[in-house]
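Report on the structure given below.
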Amino acid sequence: MAEQVWTLAGKPNCRLLRPSILLLMALVLVLLGTAVREPDRLQVVTQSRMAYPQPKVLTPSRTDVLVLTPWLAPIVWEGTFNSDILNVQFQLQNTTVGLTVFAIKKYVVFLKLFLETAEKHFMAGHRVIYYVFTDRPDAVPRVALGPGRRLQVLRARPYARWQDVSMRRMQMLSEAAEQRFLREVDYLVCADVDMQFHDHVGVEILSPLFGTLHPAFYGRPREAFTYERRPQSQAHIPWDEGDFYYMGAFFGGSVPEVQRLTKACHQAMLADRANGIEAVWHDESHLNKYLLYHKPTKVLSPEYMWDQQLLGWPSVLRKLRFVAVPKNHQEIRKSESGGQPTGSPEGAGRAGRAAGN
Amino acid sequence: MALVLVLLGYGILSPGGRMLGSLGAGTAVREPDRLQVVTQSRMAYPQPKVLTPSRTDVLVLTPWLAPIVWEGTFNSDILNVQFQLQNTTVGLTVFAIKKYVVFLKLFLETAEKHFMAGHRVIYYVFTDRPDAVPRVALGPGRRLQVLRARPYARWQDVSMRRMQMLSEAAEQRFLREVDYLVCADVDMQFHDHVGVEILSPLFGTLHPAFYGRPREAFTYERRPQSQAHIPWDEGDFYYMGAFFGGSVPEVQRLTKACHQAMLADRANGIEAVWHDESHLNKYLLYHKPTKVLSPEYMWDQQLLGWPSVLRKLRFVAVPKNHQEIRKSESGGQPTGSPEGAGRAGRAAGN
């Protein structure tokens, strides 16, 4: 990739080679050595011989669910993909996936289960870097990691309000994307920490930009989506618009696309703050606005974002891959000084919105 | 330092490295999928229903998650906006060698009606008879270029050498002029919408005679001595050689690989059973396409009728007399009519 960039930049200037320019070229080459990865540059890779059942053109893989958005992005459900083929495709590109998670204040308690189950189910066989953002680095558990997998602890500023803890993730992600992710990984997966992996979550999710269907809304009409409806907010979506309601707890894509998304959401939230408004579902509202006007290239089914305690196990879900860990919202959000949490919208969010529907 | 500053000005050294596509408009290659995700504006359309599949009678996703494009799976309004925002230009290549120039008028006139309406199009007509290229009125943003092609004596070579000519032209001109290439046979007409829903880094089209058949029935090249050889237990689909495409870099890779494979076969004294189509199928087996087009995009109504699984017939064969069209001008006999036997025989016999 560095070579390609150099070729494009160098062609018109090849006549200017002079000793002083050579030094400059050395400088440029060094800088290009840290060039960004381009995961989709070689979109089509050379496979080798593989044995698997023939796909049947006259037999849909799923007859109960939509597997393709109107803009031809796959909606990823069990039965739609063959992991053997996909694993080879991504391994041939030596794909590295970054999994980001925020464990602020008491939320460090979720890390052990999150990481242990990720070790079992997340991107097995591929290179993985866990990026744990925390204000309590000493509380990050030592979890045994498989080969080709490592963990980095990144210092995060703890905000007092849980809404700000949630929203400021966008800022921290966009900054880290520029400073380190671009050089270290091909794809980013950004997840909430109070979750565990329960089944396979692999390269089938990877694409330039993906969002995940919120488990409480995948069967609902768009008027029921809890988009931000006030026109004063940057996150505003009118009643007659909207494809899906995406969950803020699991999104990702290539590093450049995630950087664009997180930066846009952060700036939108700053604008709202300056205008004295906060979107009803915080970063999730802004994520939904972004993904409406920047259509994702894959959409993950609710297999990838579920709460079995609240929603059971409907037959439309053949696997529950990434599921909520039961938690006591009041307890976990209570500030250390003993003050009361301001409601428990996350609980009201998932539970209330799901149960009430 | 001036150089560095200039380059910084071009954003080459920006951490996002996103400026590649906009560099040096004169010589830069286009990067159609660089900005994969574009900013849309407000649009009104029905909500997609998660619990309602778009099609219940056909597969719409390959096992490697490439869309299989059928009517009902896509919303053209959304897609048109996405591609227009990137100012997409599509090149449509067609070969009209010797008598095949007679097909150009209908091909181009129907393309004007149905192919990539609203987008920038360049028709690349490869021919040995530039004077016979008809003057067809073209809509705005659409133009035609005639490229000189060498006429081969055997029709099999006429078919196969297209790969060589495409790979050379891809490098020499297509890279600078278009974002996507669509490579089509000329003895065809557009009968319904063929739009940006087909565009992706690499696409192939399901052959109309084989989309419902088991892989053992696919007429892959089966002799291990050929570069196009595919074993009996492998194969996803049987793709038609008459309609494939993708981004220019990917089509360049495909056509070059097929041409080199055909040269290797020739050196080994073997010619694949279905010529360039055999090699295309080998390539697409080991370089999975990122979209697959349904037989809506490659049909022969005379031979195959209009089954209900096809809601539209978009790109269809023009009836032709194979003996007549392939007879050499010196009066010699054509060596069989495998193309006719190809479509007709293979379809009717199944």
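Within 10 Å of each Cβ in A:72-84, how many Cβ atoms from other chains are there, averaged over the peptide? Provide the component values of the computation, followed by the final result.
Working: counts 18, 2, 7, 5, 2, 2, 0, 2, 6, 5, 4, 1, 2.
The per-residue average across the peptide is 4.
Taking the simple approach of a point 7 Å from Cα along Cα-to-Cβ for both A:Arg318 and B:Gln40, what is their distance in nm?
Here the modelled spin labels are 2.8 nm apart.
So who's got an amide H within less than 5 Å of the one on A:Tyr245, skipping anything under 5 residues away but keeping other chains? H placed 1.01 Å off N, in plane.
Residues meeting the criterion, in which the H sits 1.01 Å from N, are A:His214.
Amide H neighbours of A:Gly125 under 5 Å, at least 5 residues apart or on other chains, H built in the peptide plane: list them.
none
Is there a quick way to get the dipole size of region A:135-204? I mean about its Cα centre, with the Cβ of Lys and Arg at +1 and of Asp and Glu at -1; what is the value in debye to the nearest 20?
The calculation lands at about 340 debye.
Can you list the aspartates and glutamates whose alpha carbon sits under 12 Å from that of B:Lys320, skipping same-chain ones fewer than 8 residues off?
Straight-line reach from B:Lys320, under 12 Å: B:Asp187, B:Asp300, B:Glu339.
Tell me which lysines have Cα within less than 19 Å of A:Lys106's Cα, excluding those fewer than 8 residues away on the same chain?
Counting by Cα, and skipping residues close in sequence, A:Lys106 has these lysines nearby: A:Lys327, A:Lys334.
Normalising by the residue count of region A:189-265, find the relative contact order in percent from Cα pairs under 8 Å and 6+ residues apart.
Relative CO of region A:189-265 lands at 42 percent.
Spelling out what I want: for every residue of region A:60-71, take phi, set θ = phi - 60°, compute 6.51 cos²θ - 1.76 cosθ + 1.60 (Karplus), and round to whole Hz; glycine and proline get x.
Each residue of region A:60-71 in turn: x, 6, 9, 10, 10, 9, 6, 10, 8, 6, x, 9 Hz.
Name the lysines eligible as straight-distance cross-link partners of A:Lys120: C-alpha to C-alpha under 16 Å, and not fewer than 8 places from it in the same chain.
Result set, ordered by chain and number: A:Lys112, A:Lys319.
Of B:Lys113/B:Lys291; A:Lys298/B:Lys282; B:Lys105/B:Lys312; A:Lys105/A:Lys298; B:Lys282/B:Lys312, which sit over 30 Å apart, Cα to Cα?
Pairs exceeding the cut-off: A:Lys105/A:Lys298.
Let me check I've understood the local charge: for B:Gln172, count other residues with C-beta under 13 angstrom from its C-beta, Lys and Arg +1, Asp and Glu -1. What total comes out?
Neighbourhood net charge equals +1.
Enumerate the calculated ³J(HN,Hα) couplings along region B:80-96 in order (Karplus 6.51 cos²θ - 1.76 cosθ + 1.60, θ = phi - 60°), each rounded to whole Hz, writing x wherever the residue is Gly or Pro.
Computed from phi, the couplings for region B:80-96 are 4, 4, 4, 7, 5, 4, 9, 6, 5, 10, 10, x, 10, 9, 8, 10, 10 Hz.
Looking at region B:160-300, send over the antiparallel percent of its DSSP beta bridges, to the nearest 5.
The antiparallel proportion sits near 65 percent.
Work out the length of the dipole vector of region B:66-140 about its Cα centre, built from +1 on the beta-carbon of each Lys and Arg and -1 on the beta-carbon of each Asp and Glu, and round it to the nearest 20 debye. Let's see the in-between values first.
Working: 7 positive and 6 negative charges, 64 e Å.
Dipole of region B:66-140, to the nearest 20 debye: 300 debye.
Each residue of region B:108-115 in order: what ³J(HN,Hα) in whole Hz does its phi give by Karplus 6.51 cos²θ - 1.76 cosθ + 1.60, θ = phi - 60°, with x for Gly and Pro?
Going residue by residue, I get 6, 5, 6, 5, 4, 7, 10, 9 Hz, with x marking Gly and Pro.
Report the Cα centroid-to-centroid distance between region B:127-147 and region B:161-189 in angstrom, as an integer.
With region B:127-147 and region B:161-189 each reduced to a Cα centre, they are spaced 15 Å.
Values quoted throughout were computed directly from the atomic coordinates according to the rules given, and no laboratory measurement underlies them. Everything numeric in this text was worked out from a predicted model, so none of it was measured. Note that each Cβ is placed from the backbone with ideal geometry, even for glycine, and that neighbours are counted across all protein chains shown.
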